[in-house]
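Worksheet for the structure shown next.
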Amino acid sequence: MDKNAIIFVAGHSGLVGSAIVRILEEDGYQNIITRTHKQLDLTRQADVENFFEEQRPEYVFLAAAKVGGIHANATYPADFIMVNMQIQCNVISAAFANKIKKLMFLGSSCIYPKNCPQPIKEEYLLTSELEETNEGYALAKIAGLKACAYYNKQYGTDYVSVMPCNLYGINDNFGLENSHVLPALLRKFHEAKINNEPSVTVWGSGKPIREFLYVDDLADACVFLMNNYSGNEFFNVGYGEEVTISELADIIKEIVGFQGGIIMDSSKPDGTYRKLTDISRIKGVGWSPKTDLKTGIRKTYDWFLSQYESEGFAQR
Ligand SMILES: NC(=O)c1ccc[n+]([C@@H]2O[C@H](COP(=O)([O-])OP(=O)(O)OC[C@H]3O[C@@H](n4cnc5c(N)ncnc54)[C@H](OP(=O)(O)O)[C@@H]3O)[C@@H](O)[C@H]2O)c1
């Protein structure tokens, strides 16, 4: 990508989109265009087409999506499949109609079968049934990655898709109702510390095994692939190492400095037992993760502390 190229980052206010903007700015890209959800609702096809015709971006990072935890996915499956399909269909078709040079599609490792071998290779896609709790979201993401592959095959476009593992970092959602496990635990331990509570209750048995990637590493991988890969393969992007939920709780307890106990609430769902991505394909084209889990969580906690007292943050 030329440093003066017009680059559209869809979803720039989100966890992934804001990290991509950070990395692009650090790398000296001058013409990054963004729109808030309010300014441009990507589910509205005509508005998306007008935006592309006016702004004529050359590169697109599609990091806009309806995202949420287990509870939200299980409660609103129709919204998760329809909103995500509308966003990706509108952006990918407008990108094609305006002959952009390259597009990066953000999927998720939840596209893979719930009981596939571990670590998960890209070729395990569509080999058996999905995890029910987020099937709608997963099907939308599969449709998106296939749409990119089919455009490449039919029209010779250069669209790339990445399937990240669980992400965390600056600008994450710390809402207790619909956030992912890592930000939820960071907030719980922090509030237990400042309120001198005797213990923190962690959902589930603590046994499930998870992989977490610092979001700036994911953004770095996206920019790397935009600059260094052309072809029809899609890529897992992960950290390649895993922890149990119990170990994660211990790490966060230590970083926050909470002195109380940890209680596992086994009445709450565990979700998929293990989900580790195989990242040998992206390593094969020259990219590797940089930020270890403790360093990433410390950076995230520092950012959380800088925001916690700010207007409305703790009410999210
Ligand atoms: N978070 C993870 O652990 C994770 C893991 C794997 C893959 N991913 C993928 O990464 C991508 C981004 O996820 P994220 O975690 O960054 O989500 P996020 O923090 O919720 O950000 C989503 C962004 O999309 C915007 N958006 C949503 N609906 C929109 C619409 N109709 N029109 C315009 N903008 C809209 C949101 O704006 P508003 O907030 O204003 O609505 C927000 O800026 C998704 O494709 C997701 O599948 C995320």
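The values are calculated or read from the model by the stated rules, or taken from the named source; none is laboratory data. Model, not experiment: these values are computed from the prediction. Using ideal geometry, Cβ is built from the backbone for each residue, glycine included, and neighbour counts are taken over all protein chains shown. Surface accessibility is based on the protein's heavy atoms, side chains included, excluding ligands, DNA and RNA. Shrake-Rupley method; radii C 1.70, N 1.55, O 1.52, S 1.80 Å.
The figures follow:
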| read-out | value |
| --- | --- |
| Some residue of the stretch 157-164 being at pLDDT below 95 and either under 30 Å from Ser230 (Cα atoms) or hydrophobic (A, V, I, L, M, F, W, C) (or both) | no |
| Selection within the stretch 69-118 - at positive phi and either polar (S, T, N, Q) or within 16 Å of the ligand (Cβ to nearest atom) (or both) | none |
| Single residue of Asn195, Asn228 found to be within 30 Å of Lys102 (Cβ to Cβ), without any contact (Cβ under 8 Å) to a residue 60 or more places away in the chain and more than 15 Å from the chain's Cα centre (by Cα) | Asn228 |
| Close pairs (8 angstrom Cβ cut-off, 6 or more residues apart or separate chains): over 21 Å from Val243 (Cβ atoms) and more than 7 Å from the ligand (Cβ to nearest atom) in the stretch 166-183, open to solvent by less than 20 Å² (accessible area, probe 1.4 Å) and at pLDDT below 85 anywhere | Asn178/Gly68; Asn178/Gly69 |
| Filtered residue count, the stretch 160-211, keeping only those that are open to solvent by less than 10 Å² (accessible area, probe 1.4 Å), more than 17 Å from Ser266 (Cα to Cα) and part of a strand (DSSP E or B) | 6 |
| Residue within the stretch 137-154 that is of a type in the set (S, T, N, Q) and either over 30 Å from Asn90 (Cα atoms) or within 16 Å of the ligand (Cβ to nearest atom) (or both) present | no |
| Meets criteria (hydrophobic (A, V, I, L, M, F, W, C), away from the ligand (no atom under 16 Å from the Cβ) and over 21 Å from Ala74 (Cβ atoms)) for Phe212 | no |
